[in-house]
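Okay, so here's the structure we're looking at.
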Amino acid sequence: MTLPIYASPEQFMRDRSDYARKGIARGRTVVVTIYAGGVLFVAENPSPTLHKVSEIYDRIGFAATGRYNEYENLRTAGIRLADVRGFSYDRRDVTGRWLANAYAQTLGSIFSEHSKPLEVELCVAEVGWPGSAADGSADQLYRISYDGSIADEPHFAVMGGVTEPVVAALDASYTDGWDLPTALRACVAALGAAPSGNGSGTAGGSGTAAGQGRELGANQVEVAVLDRNVMGRTFRRIETPQLTALLGGTADAPPATLDDTAVESAPETRREPNVRQRDDDPAPEGPPVTGTADRANDSTATDGDPPAPTS
Amino acid sequence: MTAGMADSTAAPRNWPTQAIPAAYLTPGTGSFADFLRRAEPQLLPGNGVAVGHLAGANPSLHAAPAVDFPHGTTVVALTTADGVVMAGDRRATQGNVIAQRDIEKVFVADSHSVVGIAGAAGLAVELVRMFRLELEHYEKIEGVRLSLDGKANRLASMIRGNLGAALQGMAVVPIFAGVDLNVPEPAKSGRIYSYDVTGGRYEEHDYYGIGSGSIFAKSALKKRFRPGLAPDEAVRTAIEALYDAADDDTATGGPDLTRKIFPVIVSVNAVGATRWSDDAVGQIAEQVIAGRMENPGG
């Protein structure tokens, strides 16, 4: 009979932490921040289809970094959890805090019970209701680590890759209630402060990398927002053409608030009627149409236009 | 995650009650109904409750269809120059009593489709709720929307799931319409689907109606429908049809000027689905009624 090699519990947990941390540090960085109009997700992600940022529910978004197969499964589970809860109770009863707690319990349990911890770091973001404070006091960013530890970030969350230079850059640039173009440019610049590739798996090179500053183009980042000012589904992806315009110079800077030109698919919950947008319509005097939002009479209240197709 | 991961979470020791249940972490389809059936069957609409429970409590349900639950009535849909328009009256009846005078039977299903219901109101509203969630869930999981035919087929299979209740007199028959974004010409992009209680799915052309007043509404549409109607002309045509239905069918409600209750109108084009405001519908409804003051037959 052979005895297993002894490892102290401290050593055992430390090894697992190191393993997970190294895996996460190999990933590319994701930034989630609060801006005047809601919550902004910016991820360095050259793939237009393998998303790091996703919609979970009406006012809840999800960002992740680390192993794709692992966080993709957690994302799916989160959507299922949220939809089941919204179906059995009401859409208002699905909250970010509850979902973040479920993720934290799951990651913590897998970390301590399973042979391999998950190499992922998640952010669950919830945007406040329309009319809530623009300084983000009604918004929540929960950052959840591979071991189930959870942090409630007041301004921004940085995950994956080499985070120190990104955090330093955002610490310097963050201001309460910044508008979308400002926040977006600051986030992309901060992501560029991280060393390219992030392959080292350690923070060793970050000190020098902070000064290098890569320029990330619109096709190297994945950007989405939770728009605080709409009812119903608030998640919108900002696709490359709009992103290029937002990242462009200040000369023709887009409006500070996210309007229909800045988003791929105009949501029907916007106030302007959208039945007359075709030029060849006979356009009689203003058909007073409302959006489809009509919570009072609608048990399901899926009153937002879904976001644009993601590819 | 991999199947291995799923297996390893299948029967975990000390799995916290607040953590995500193992069934939620197993790979599956983008269908919410399929997921519920596998993971949370007790939440499925009509999951043995609507049929077995009700029938057990009230065996007479087997003998004759009960008349003591609300029924929704007439919904019409017609194609327009740039999509489709659907309109539904606002009455729900329970035997000879008006159960509700402002019920809504036409719902925006997702960004480019609309669904209307007739039949047992309670089951039908639940079916629509489920259907809308099905579309949204698929879109969130898969990252793309279902095709219009895909949506229509999902609805068919959900109706089939209600067959047991339908045989006991609690039938739900929806009408589904939307814009097929793969069709380049706007005038041909609007499509209408009708269903039977067994889940049969039939594509209709130009116009269709369901519910107790649909015989009269369809006759009106047969005379009034023209291909390529502008959206507001189509709305007028739909309201005329509902007026004719209400004229001859007691279960269909006409425009109620005293209470400002007007039909629910949803129009769909390539830009999206839009629910018309009561003010907009009210203006057209008043024109229709003014016309009937001079010629009651329309």
(message) Given the options B:ALA171, B:ALA245, B:ILE261, identify the residue whose Cα lies farthest towards the positive end of the charge dipole of region B:69-294 (+1 on Cβ of Lys, Arg; -1 on Cβ of Asp, Glu).
(response) B:ALA171
(request) Between A:TYR89 and A:GLU153, take the C-beta separation as r, use R0 = 30 Å, and let me know the FRET efficiency to the nearest 0.05. (result) 0.65
(request) Counting other Cβ atoms within 10 Å, keep those with at most 16, restrict to DSSP loop, and tell me which chymotrypsin sites (Phe, Trp or Tyr not before Pro) in region A:90-158 are left. (result) none
(request) List the relative contact order of chain B as a percent without decimals, with contacts defined as Cα pairs under 8 Å and 6+ residues apart. (result) 22
(message) Take A:ALA7 and A:ALA133, extend 7 Å from each Cα along the Cα→Cβ direction, and tell me the distance between the two endpoints in nm.
(response) 4.6
(request) Specify the inter-centroid distance of region A:55-87 and region B:63-116, based on alpha-carbon positions, in whole Å. (result) 34
(request) Between beta-carbons, use under 10 Å as the cut-off and find the net charge around A:GLU44, counting Lys and Arg +1, Asp and Glu -1. (result) +2
(message) At a threshold of 8 angstrom on Cα-Cα distance, excluding pairs fewer than six apart, so keeping six or more, what relative contact order does region A:101-176 reach in percent?
(response) 29
(message) So if I place +1 on the C-beta of Lys and Arg and -1 on the C-beta of Asp and Glu, and nothing else carries charge, what would the dipole magnitude of chain B be about its Cα centre? I want it in debye, nearest 20.
(response) 440
(request) Choose one of B:THR80, B:VAL281, B:SER111: the residue whose Cα lies farthest towards the positive end of the charge dipole of region B:69-294 (beta-carbon charges +1 Lys, Arg; -1 Asp, Glu; about the Cα centre). (result) B:SER111
(request) Pick out the long, greasy-scoring helices in chain B: whole DSSP H runs spanning 30 Å or more along their own axis by Cα, mean Kyte-Doolittle at least -0.5. (result) B:121-142
(request) Using a cut-off of 14 Å between beta-carbons, work out the net charge of the residues near A:ARG75 (Lys and Arg +1, Asp and Glu -1, A:ARG75 not included). (result) -4
(request) Count, for each residue of B:131-143, the Cβ atoms from other chains sitting within 10 Å of its Cβ, then give me the mean as a whole number. (result) 6
(message) Binning at 5 angstrom from zero up to the longest distance, how are the C-alpha pair distances of region B:69-294 distributed in percent?
(response) 1, 8, 16, 21, 21, 17, 10, 5, 2, 0, 0, 0
(request) For every helix of n ≥ 4 consecutive DSSP H residues, a contribution of -39,500 (n - 2.57) applies; sum these over chain B, divide by its total residues, and give [θ] at 222 nm rounded to the nearest 500 deg cm²/dmol. (result) -11500 deg cm²/dmol
(request) For chain B, please report how many Lys pairs fall under 26 Å Cα to Cα, leaving out neighbours fewer than 8 apart on the same chain. (result) 14
(request) Determine the distance separating the Cα centre of region B:211-268 from the Cα centre of region B:155-178; give it in Å without decimals. (result) 23
(message) Within chain B, which is the longest segment that contains none of the trypsin sites (Lys or Arg not before Pro) sitting in a DSSP loop with at most 10 other Cβ atoms within 10 Å?
(response) B:14-258
(message) Compute a Gaussian network model of chain B, connecting alpha carbons closer than 10 Å, and tell me which residue from B:PRO70, B:PRO263, B:PRO21 fluctuates the most.
(response) B:PRO21
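Read-outs throughout are calculated quantities, based only on the coordinates presented, and are distinct from any laboratory measurement. Not measured: the values here are computed from a predicted model. Cβ coordinates were reconstructed from backbone atoms using ideal geometry, including for glycine residues, and neighbour counts include every protein chain displayed.
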